[in-house]
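One structure below.
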Amino acid sequence: MFRPIPQAAFFRKAPIWLLASIPILLGIGFVILLLLRIEALSKPDLVVLALLIVLGMAVSIAAVMSFLHYASTKRTLEEVKGLARNILQSIPTGILTINRSGVITAVNPTAEAVLKRPAADLLGTSYESVFVRGELIREVLEMALKNHRHTTQKDLPYEGVNGRLQTIRVSTVELTGDDGQPAGILLQAQDVTEWLGLEQRVRIAEKLAALHTLSAGVAHELRNPLSAMDLNLHLLEEELQEQGPLKRRTAHYLQILNAECRRLSAILDNFMKFARPSSIDTHEVDVHRVIEHIVALMQLEAQEHRIHLEHTIEKDLPPVLGDETQISQVLVNVVVNAFHALAEGGCCHITATTCTADGKRWVEITVRDTGVGIPEEALPRLFDPFYTTKPSGSGLGLAIAYRIMQDHGGLISVSSAPATGTSVALRFPTLVTHPQEIEARS
């Protein structure tokens with residue numbers, strides 16, 4: 001960072017007339033001393049002495065004025081540096097400057113917050129020792145510093161020293177010295193994790209709003225002919241059975257038709273849930289008890305598919321306000337998706353903890369699996385209605401889960417990578433805000 005403004009010295013505070021009077025008084029005193037011995041001097045010596053006195057006084061006055069000018073210039077320079085420092089500290093964007101040798105020379109508080117590193121660990125240190133090889137931010141800095149190829153508003157995944165994965169938006173520009181030659185680079189960095197999440201939620205909400213009416217209309221229009229088809233299919237089956245035993249191929253065809261009618265009916269039921277979700281019966285929900293119940297419910301299926309289902313719940317977990325049935329529906333949907341990703345067996349771990357974000361206290365339920373993962377290009381569309389990565393999926397499970405989370409004032413997010421597994425986080429605002437209230441309830 002910039003040097004602090006030094007404490008003002010006494011001479012910088014003194015008025016000009018006081019400083020200027022010092023050499024004048026010295027000169028007058030010297031003249032008086034000489035006048036006392038003037039009889040011992042010749043006329044030429046007196047002339048030379050007078051010239052020396054005038055010259056000495058002139059030099060003294062020039063020295064004082066030069067000092068005052070230097071002090072004024074230095075004060076102005078410190079004020080400019082102080083202003084630059086205040087501007088740098090006040091900028092809401094993270095600023096990092098690096099000289100041509102790759103050493104970090106300036107960091108503002110916003111950059112410390114974005115990069116999750118204190119200035120003491122950054123200043124005077126090479127960027128190569130701060131950002132390890134393979135980090136995208138290091139590649140951006142190397143490209144700008146060594147190849148003079150700069151980046152503008154590029155979103156990068158970034159994992160700070162605290163292990164939290166976030167998205168930062170970076171730009172680089174050239175720094176030039178007073179001689180106009182390159183002196184290094186300047187990195188601008190912003191944490192856009194929350195902003196991108198909000199943007200995605202707005203985009204999904206707009207799609208949901210447009211599809212709700214359409215889904216309700218389609219479900220209603222298809223329900224009547226489907227019911228007629230199902231009824232007549234049963235009548236046809238009874239009539240054929242009255243004429244004698246059904247042929248094997250005929251029975252097979254009827255079985256397929258009945259199964260497909262049931263599947264279409266289930267899809268229409270999901271349409272209706274998506275279009276007209278049931279009203280929320282809000283009450284205090286014990287998340288610990290809900291998770292215990294779901295784990296017990298899914299344990300048998302997990303064993304059949306060689307899946308190790310386990311859970312970890314934080315002690316004294318606060319309750320949430322919501323509909324227990326709908327919260328269970330979301331959690332079951334997420335766990336079932338995890339089971340589908342574990343076709344070859346594996347581990348599914350449910351955790352429940354408290355966290356603080358955006359000035360609120362949340363209960364966060366995370367479902368992690370060690371399955372096949374989700375392709376990166378599919379992640380932005382997971383909550384889109386009718387989008388699915390499964391051959392037999394309807395594409396409405398996560399869309400309904402997203403809507404339920406919205407109705408509860410909660411958040412749902414998914415992080416995944418192929419062959420490494422998937423993590424789904426569900427956040428519900430707590431009914432208890434302060435730890436003192438939790439102690440009072442216990």
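The values are calculated or read from the model by the stated rules, or taken from the named source; none is laboratory data. Note that this is a predicted model, so its numbers are computed, not measured. All Cβ positions, glycine included, derive from the backbone under ideal geometry; neighbour counts span all protein chains shown. With ligands, DNA and RNA removed, areas are computed over all heavy atoms of the protein, side chains included. Shrake-Rupley method; radii C 1.70, N 1.55, O 1.52, S 1.80 Å.
Results, tabulated for the structure shown:
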quantity	calculated
Number of the condition not met by Leu211 [criteria: (1) at pLDDT 85 or above; (2) assigned to a helix (DSSP H, G or I)]	(1)
Filter result (open to solvent by 80 Å² or more (accessible area, probe 1.4 Å) and part of a loop (DSSP other than H, G, I, E, B)) within the range 366-398	Thr370, Val372, Phe386, Thr389, Pro391, Ser392
Near pairs, Cβ below 7 angstrom, 6+ apart or cross-chain, from the range 256-267 (surrounded by 12 or more Cβ atoms within 10 Å (Cβ to Cβ)) to any residue that is outside any helix (DSSP H, G or I) and of a type outside the set (A, V, I, L, M, F, W, C)	Ile267/Ser394
Subset of the range 172-197 that is open to solvent by less than 70 Å² (accessible area, probe 1.4 Å) and in a loop (DSSP other than H, G, I, E, B) - its residue that is nearest to Thr152 (Cα to Cα)	Val192
Answer residue from the range 252-291, given it is in contact with a helix residue (DSSP H, G or I) (Cβ under 9 Å, 6 or more places away or on another chain), of a type in the set (Gly, Ala, Ser) and assigned to a helix (DSSP H, G or I) and is modelled with the lowest pLDDT among those	Ala275
Count of residues meeting criterion [open to solvent by 30 Å² or more (accessible area, probe 1.4 Å) and more than 16 Å from Arg427 (Cβ to Cβ)] in the range 347-365	2
Test for Ala228: is it assigned to a helix (DSSP H, G or I) and modelled with pLDDT of 80 or more	yes
Yes/no for Ser90 being of a type in the set (S, T, N, Q), free of Cβ contacts under 8 Å to residues at least 60 places away in the same chain, in contact with a strand residue (DSSP E or B) (Cβ under 9 Å, 6 or more places away or on another chain) and surrounded by fewer than 17 Cβ atoms within 10 Å (Cβ to Cβ)	no
Residues of the range 399-411 satisfying the condition of being out of contact with any Gly (no Cβ under 8 Å at 6 or more places or on another chain) and open to solvent by 20 Å² or more (accessible area, probe 1.4 Å)	Arg403, Gln406, Asp407, Gly409
Scope the range 308-325; condition open to solvent by less than 20 Å² (accessible area, probe 1.4 Å), under 17 Å from Thr366 (Cα atoms) and not in a loop (DSSP other than H, G, I, E, B); matching residues	Leu309, Val320
Residue, nearest to the chain's Cα centre (by Cα), within the range 144-171, restricted to residues that are open to solvent by 50 Å² or more (accessible area, probe 1.4 Å) and over 24 Å from Trp195 (Cβ atoms)	Arg149
Search result, residues across the range 113-122 that are open to solvent by 50 Å² or more (accessible area, probe 1.4 Å) and under 17 Å from Ala189 (Cα atoms)	Ala113, Lys116, Pro118
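Table: residues versus (1) over 17 Å from Gly94 (Cα atoms); (2) of a type in the set (Phe, Trp, Tyr); (3) not in a helix (DSSP H, G or I).
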residue	(1), (2), (3)
Ala113	no, no, no
Arg117	no, no, yes
Glu139	yes, no, no
Glu142	yes, no, no
Lys146	yes, no, no
Thr152	no, no, yes
